[in-house]
Every structure is written in structure tokens, then in C-alpha cells.
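The values are calculated or read from the model by the stated rules, or taken from the named source; none is laboratory data. If you're wondering where the values come from, they're calculated on a predicted model, not measured in any experiment. So basically every Cβ, Gly included, is an ideal-geometry build from the backbone, and we count neighbours across all protein chains shown. SASA here: full protein model, heavy atoms, side chains in, ligands and nucleic acids out. Shrake-Rupley method; radii C 1.70, N 1.55, O 1.52, S 1.80 Å.
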Amino acid sequence: MIKKSVGVLVALSFTIAAQAQFTQQDTLRGSITPERAWWDLNYYDLNVKVQPDKKFISGYNIIRYKVLEAHQVMQIDLQEPLKITGISQNDEQLDYSRIGSAYFINLRKKQVPGTYNELYVQYSGNPKEAVRAPWDGGFSWSKDDNNKHFVATSCQGLGASVWWPNKDHMYDEVDSMRIAIDVPKDLVAVANGRLREEYAYDNSDYKLYEWFVSNPINNYGVNVNIGDYVHFGEKYEGEKGSLDMDYWVLRDDLEKAKVQFKQASKMMEAFEHWFGPYPFYEDSFKLVQVPYLGMEHQSSITYGNQWKQGYLGRDLSNTGWGLKFDFIIIHEAGHEWFANNITYKDIADMWVHEGFTSYSENLYLDYHFGKKAAEDYVIGLRANILNDKPIIGAYNVNQRGSNDMYYKGSNLLHTIRQLVNDDEKWRQVLRGLNTDFYHQTVTSEQIEDYLSEKSGLDLSKTFDQYLRTADIPVLEYKIEADGKLSYRYTNVVDGFAMPLRIFVNEKAYDIHPSSVWKTEKLDGNLNTLKIDRNFYVKQKRAS
């Protein structure tokens with residue numbers, strides 16, 4: 001059966017690759033293949049021994065799953081140079097074939113719909129070393145100032161299969177997970193969820209740290225961090241009760257962390273206000289120091305911003321407001337709502353993570369410093385927008401869109417806030433997203449439809465314009481001989497007719513442009529016309 005099934009996949013993937021210049025591996029990585037579709041993840045039991053001196057890992061993953069449809073071939077992913085060394089079910093070794101990082105396993109036991117089964121996958125090797133984490137994923141092997149090993153993983157986009165075997169597609173999240181890490185006994189291993197046990201082996205140089213995640217988690221959100229860590233923490237009284245907020249930092253940086261991490265509770269206060277309760281009370285909240293900049297690992301936010309305000313000491317908005325907070329604490333923790341709670345099914349829709357979380361920086365400022373500060377900041381971010389290609393990428397080939405998903409995405413949401421024109425209603429829409437899509441994987445279309453429905457506005461063309469083109473709407477206008485104002489939109493998709501606020505002599509007018517010229521009489525000197533800066537629209541006076 002494996003030959004027939006893989007043959008179909010090969011033909012399909014080569015067809016897609018030929019059409020869009022993507023590779024067979026892109027398709028196997030980015031699509032819900034038949035060998036993935038028939039089973040649903042239930043539980044991972046991941047056990048890994050990390051040998052930093054050798055940059056070597058070994059271990060196994062027990063994969064529990066529910067059978068949805070009868071099928072006898074399963075796809076599991078693991079990237080080279082790591083190799084699977086054995087696969088078994090019910091103590092029987094199984095045969096498998098491989099196409100790149102995709103392993104196709106011939107199951108002997110009949111797979112009956114509705115039943116639960118387990119697969120035991122062993123693996124080992126020297127994993128890919130991250131060159132520029134977190135943008136280039138894998139293991140980061142480093143040492144602290146005391147020459148002790150300082151190690152961490154990161155893998156968004158590249159995929160969690162860069163360091164452990166799993167069903168490496170975002171559409172299916174495991175319901176819960178155990179993560180057991182063996183590390184040299186002078187080090188500490190920190191992963192997701194809660195620490196269940198520390199176990200020191202007799203006559204061994206290694207020690208086991210067992211962590212448990214009780215909530216659904218996406219693959220790239222799983223992480224391992226190893227170092228000479230010390231721990232401190234606090235309890236935050238939040239919307240769902242008392243939340244454990246734990247901090248793991250290198251021994252020599254403890255005092256710095258105690259000062260800088262005071263922003264974590266301020267973050268939690270602002271984001272629970274805007275987005276609703278922190279989505280993982282059962283698993284706690286953590287900040288964990290790592291040897292790279294940082295990443296949104298679920299309940300285990302990694303931090304490497306060098307104890308500085310802004311982005312490594314830089315204000316991304318050039319307004320001054322970006323230095324009022326530690327970018328990594330605020331941005332990466334914002335992902336607990338948008339990335340970890342609400343998760344894209346396909347990385348083509350990555351703006352659902354990054355657009356909303358870039359926007360969360362604006363809302364943090366709004367909560368603590370006021371609305372004008374927030375406006376200044378998000379508008380200042382526009383200088384970073386390239387408008388090089390659409391924000392939404394190609395589907396089913398693990399292809400993200402433009403990096404404009406961050407700053408343009410946040411300005412799209414800020415523009416929609418103006419259209420809603422009711423801040424409390426807008427807050428309830430954002431909170432509703434995190435309630436109605438609680439612990440779910442979603443498409444951009446679902447989020448777009450939800451925002452339209454709950455706002456009471458047809459935002460479909462607005463999303464098409466800002467997400468699916470690289471063009472920014474232009475309000476073209478001219479002053480007629482009789483003193484009236486004529487205006488229209490240019491550089492827009494068919495049917496784009498987003499309402500707009502303009503000022504003439506500082507007096508506000510709400511107008512309704514389309515791609516067709518409209519003319520109306522407005523009071524004041526039309527030469528003073530300017531668009532409300534909170535709308536991400538350009539203006540041009542017709543010659």
C-alpha cells in the first residue's frame with residue numbers, strides 16, 4: 001500500500017511544484033496529505049537526551065492518535081541529519097520508506113475508526129544547528145559567561161521535525177504532552193507547561209526534567225531550553241484566578257531579570273483587558289532566557305533581548321513610545337493569544353499570528369500610556385512597511401507571505417478599529433475571537449468573516465486589499481471650479497469602497513469613496529484637506 005499511496009503523493013507534489021516552482025518537499029511538509037488526514041493527534045510522550053558536548057540528541061516519541069478513517073500508511077516527519085532508528089506498534093517493528101523528511105510507515109495492525117493507537121518512534125543524531133535563530137531554526141548551542149552550556153531550540157516555519165519526530169503540520173494540535181529531557185546534572189532543562197519531576201539517576205552524570213502540557217499545543221510551540229538556570233516567580237490575580245508566572249534565567253542575570261521582568265504582569269493586565277483571559281492558566285506562564293532573541297513558545301516564552309527596552313534597545317516606530325516597553329516580553333507574550341490560542345492552519349495565513357501580535361504592542365501602549373501614544377506608535381511602524389508582495393502566501397506548500405504581515409497587519413487592524421468607531425465594541429470583538437476560537441486552528445478566511453460579522457461591517461474588500469495585494473489605497477481628489485470636492489479611490493481591488501475620515505480646516509468629515517468619482521460640497525478651505533492619519537490610506541491631488 002505504501003508504494004501506491006506515496007506514488008500518488010509524488011505525482012501530486014511534482015505537479016504543484018511545476019506549477020508554482022515549489023519542491024516536492026514543500027508539498028509534503030505543507031499539505032494535509034492522505035497519510036496525515038486519516039488520524040487525529042491525541043498525545044505525545046517526548047523523551048530526549050541532550051549531550052551538549054557532542055551536540056548530539058537521542059530519544060523517542062510515543063504518539064497516541066485516534067483513527068478517523070481506515071488507512072494503513074502513516075506519515076511522520078523528521079529532518080536530516082537526524083534519523084529514525086526504529087518504529088514499532090504493539091511491540092512489532094514496522095517497515096517504512098522515506099521521501100526527504102517524510103517517513104511513510106506501513107502499519108500492521110488494522111486501523112479501526114474510533115479507536116486509539118500508539119506508535120513508538122526512536123531517533124538520534126546531530127540536529128541542524130540554527131545559524132541565525134529564531135529566523136533559521138534548529139538547536140542553538142552556546143555557552144554562558146561561566147563557560148557552561150546554554151542551549152535552546154526554535155523552529156517556526158522550518159518545522160518541529162528539525163529536532164523531534166512528529167506530525168509536522170499546523171492543522172492538527174496534540175491535546176496534551178509530556179516532555180522529558182535528560183541533561184548533564186549541572187544544568188537545568190526547561191520546557192513547556194509545568195515541571196512535574198526532577199530525577200537524579202544513580203551513578204550518572206545526567207538528570208531528568210519532566211514537564212507536562214495539559215492544553216493543546218502546536219508543534220513549533222514545543223521547546224527545550226538548557227542552562228545554568230535559577231528560578232523566581234510571582235502569582236498574578238487574573239480573570240480566571242491565580243496565575244503562576246515563572247521566570248528561568250541564567251544565574252548571573254538574576255538581578256537584572258528581577259527588574260526587567262516586572263513588565264510581565266503589566267503585559268498580562270493589558271492583554272487580559274483587550275483579549276480576554278490568558279489561555280493557559282493550567283500550564284502557567286513562563287519567561288525563559290535563551291541565547292537568541294526570543295520566540296513565542298507556548299507557556300514558555302523565550303527571552304534574549306539583553307535586558308533592554310525596545311527591540312534590542314531600538315524603537316521600531318521612531319516615536320519614542322517603542323522604548324516604553326521590552327519588545328520581546330510584550331510581543332512574544334502577545335502570541336499566547338494569537339499563535340498559541342488561535343493558531344493558523346497554514347503558514348500562508350501567518351498574519352493571524354504576527355499582524356495581531358504586532359497590533360498587541362499598540363494595545364499595550366493604549367492601556368498603560370493612552371490612546372494617542374498607541375496611535376503614534378502604530379503609525380510610526382508604517383515606515384518599516386515594504387509593500388513588496390501580498391501578506392498572504394501560497395497555500396499547502398509551507399510558504400509564508402510578506403514580512404509586512406507585522407507592521408502592515410497591525411495597521412490594517414488599527415484601520416478597522418477606526419471603521420468600527422466604538423472602542424468598547426472593538427475590545428469585545430477581540431475578546432470574542434479568543435473565546436470563540438479558543439484553542440483552535442483557523443484560516444485567515446475564518447478570522448476575516450468573524451471580524452465582519454461581529455463588527456457589523458462588510459470588510460471583505462478591505463481584507464482583499466491589504467492582505468492579498470501589495471497596493472495601498474490612494475484617495476485621489478481634485479477641487480472643482482465651483483469649490484466642490486471630487487474624490488475617488490485608485491490603486492484598489494474591484495469593489496473597494498472603504499469609508500474614510502478626512503479633515504478640512506481641522507473639521508472632520510466622513511466620506512465614502514469608491515473607484516468612481518464622487519463630488520460634494522464641504523465647508524472650509526479644501527487646500528487643507530488631509531486624511532485622518534489613523535487610516536492606512538495615501539492621498540494624491542489630481543493634476
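Condition test on residue 203, is it outside any strand (DSSP E or B) and farther than 28 Å from residue 137 by Cβ? Break it down into steps so the answer makes sense when it comes.
Details: outside any strand (DSSP E or B): yes; farther than 28 Å from residue 137 by Cβ: yes.
Yes, satisfied.
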Mind checking whether some residue in the stretch 272-280 is assigned to a strand (DSSP E or B), touching a residue at least 40 places away in the same chain (Cβ under 8 Å) and open to solvent by less than 20 Å² (accessible area, probe 1.4 Å)? no
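Yes/no per residue for (1) under 30 Å from residue 290 (Cβ atoms); (2) open to solvent by less than 20 Å² (accessible area, probe 1.4 Å):
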| position | (1), (2) |
| --- | --- |
| 69 | no, no |
| 74 | no, yes |
| 79 | yes, no |
| 83 | yes, no |
| 92 | no, no |
| 108 | no, no |
| 119 | no, yes |
| 122 | yes, no |
| 128 | yes, no |
From (1) of a type outside the set (S, T, N, Q); (2) over 27 Å from residue 150 (Cα atoms); (3) open to solvent by less than 10 Å² (accessible area, probe 1.4 Å), pick out the condition that doesn't hold for residue 220. (2)
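Among the strands (runs of 3 or more DSSP E) confined wholly to the stretch 457-543, which include 2 or more residues that are surrounded by 15 or more Cβ atoms within 10 Å (Cβ to Cβ) and of a type outside the set (Ser, Thr, Tyr)?
Numbers: elements: 474-479, 485-490, 500-504, 507-511, 518-520, 538-541.
Qualifying strands (runs of 3 or more DSSP E): 474-479, 485-490, 500-504.
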Output the qualifying pairs, or none if there are none: Cβ atoms under 6 angstrom, residues six or more apart or on different chains, first residue in the stretch 489-505 and under 17 Å from residue 541 (Cα atoms), second residue assigned to a strand (DSSP E or B) and open to solvent by 30 Å² or more (accessible area, probe 1.4 Å). 501/508; 501/510; 502/509; 503/530
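Among the residues of the stretch 149-189, write down those that are among the charged types (D, E, K, R), in contact (Cβ under 8 Å) with a residue 60 or more places away in the chain and out of contact with any Pro (no Cβ under 6 Å at 6 or more places or on another chain).
Step one: list which residues in the stretch 149-189 are among the charged types (D, E, K, R), which gives 167-168, 172-173, 175, 178, 182, 185-186.
Add one more test, that the residue is in contact (Cβ under 8 Å) with a residue 60 or more places away in the chain, and what stays is 167-168, 172-173, 175, 178, 182.
Once the filter is applied, which keeps residues that are among the charged types (D, E, K, R), in contact (Cβ under 8 Å) with a residue 60 or more places away in the chain and out of contact with any Pro (no Cβ under 6 Å at 6 or more places or on another chain), the stretch 149-189 yields 167, 168, 172, 178, 182.
Let me confirm something: among 205, 253, which residue is out of contact with any Phe, Trp or Tyr (no Cβ under 9 Å at 6 or more places or on another chain) and farther than 23 Å from residue 434 by Cβ?
Working: 253 fails: out of contact with any Phe, Trp or Tyr (no Cβ under 9 Å at 6 or more places or on another chain).
Testing whether each residue is out of contact with any Phe, Trp or Tyr (no Cβ under 9 Å at 6 or more places or on another chain) and farther than 23 Å from residue 434 by Cβ leaves just 205.
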Flagged in the stretch 281-317 as touching a helix residue (DSSP H, G or I) at 6+ places or on another chain (Cβ under 9 Å), surrounded by 24 or more Cβ atoms within 10 Å (Cβ to Cβ) and part of a strand (DSSP E or B), in numbering order, are 285, 287, 289, 294, 295, 301, 302, 303
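Given the residues 377, 450, which is the only one that is surrounded by fewer than 19 Cβ atoms within 10 Å (Cβ to Cβ) and either modelled with pLDDT under 95 or under 22 Å from the mean Cα position of the chain (by Cα) (or both)? Quick ask: steps written out before the conclusion?
Details: 377 fails: surrounded by fewer than 19 Cβ atoms within 10 Å (Cβ to Cβ).
Criteria check complete, one pass: 450.
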Among residues of the stretch 174-190, those that are buried (at least 20 other Cβ atoms within 10 Å of the Cβ) and either among the basic types (Lys, Arg) or under 18 Å from the mean Cα position of the chain (by Cα) (or both), counted: 1
Determine whether the stretch 385-394 contains at least one residue that is open to solvent by 40 Å² or more (accessible area, probe 1.4 Å) and of a type in the set (A, V, I, L, M, F, W, C). yes
Filter result for residue 171 (in contact with a Lys or Arg (Cβ under 8 Å, 6 or more places away or on another chain) and either aliphatic (A, V, I, L, M) or part of a loop (DSSP other than H, G, I, E, B) (or both)): yes
Of all the strands (runs of 3 or more DSSP E) wholly in the stretch 100-149, which have at least 1 residues that are within 26 Å of residue 28 (Cβ to Cβ) and touching a helix residue (DSSP H, G or I) at 6+ places or on another chain (Cβ under 7 Å)? 102-106, 138-143
Where residues in the stretch 137-147 are crowded, with 17+ Cβ neighbours inside 10 Å and over 16 Å from residue 183 (Cβ atoms), which of them is modelled with the highest pLDDT? 138
Of (1) open to solvent by less than 40 Å² (accessible area, probe 1.4 Å); (2) closer than 25 Å to residue 398 by Cα, residue 150 fails just (2)
